[in-house]
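Inspection log for the structure reproduced underneath, given as structure tokens.
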Amino acid sequence: MAKLHNEILIEAPIDKIWEALTIVDKLDVYDPTVKKSTATTSLKSGIGAKRKVDMLDGKNWFEETCTVSKTNEALTYELTACSFPVKKLKHTYSFQNMGNKIKVTQEMNYEMKFGLLGNLMGAMLKTKWNKGINEFLGGLKEYSEKQ
């Protein structure tokens, strides 16, 4: 599996950051790459909460479910379906108190479809995906610090 690692410092209470990340239909409020995030279960947060996300480009989408939720400590979402050439994808979050700031770390592990051809596509998409993740983290920072 390939891995992307990103982190950001956010000057906000961890509860605000946690709430933004865990309420599944709230992603479109702060992620500038997302058009719409819709809960697909009655459960809006926690293990088993699911969402469908339509990307801003109007053609791509993904569905994911929360598989780990340890309040203010650890959070994991796993892909269940998508329009991307991705076979498996899991992104995990961890949080570290840094005085008046919280360091949010995201690790994304993924496996591409289509074997060797997919791995080549993944290598080409890595920079684009990192850019999108950093836009997402920037949106999370801006949203959390304004609350």
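The values are calculated or read from the model by the stated rules, or taken from the named source; none is laboratory data. Quantities reported herein were computed from a predicted structural model and do not represent experimental measurements. Virtual Cβ from ideal backbone geometry, glycine too; neighbours counted across all protein chains shown. What goes into the accessible areas is simple: the full protein's heavy atoms, side chains included, and nothing from ligands, DNA or RNA. Shrake-Rupley method; radii C 1.70, N 1.55, O 1.52, S 1.80 Å.
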Testing PRO32 on (1) out of contact with any Gly (no Cβ under 6 Å at 6 or more places or on another chain); (2) surrounded by fewer than 16 Cβ atoms within 10 Å (Cβ to Cβ); (3) under 18 Å from ILE133 (Cα atoms), one condition comes back false. Which one is that? (1)
Confirm whether PHE84 is aromatic (Phe, Trp, Tyr), open to solvent by less than 50 Å² (accessible area, probe 1.4 Å) and in contact with a Phe, Trp or Tyr (Cβ under 8 Å, 6 or more places away or on another chain). no
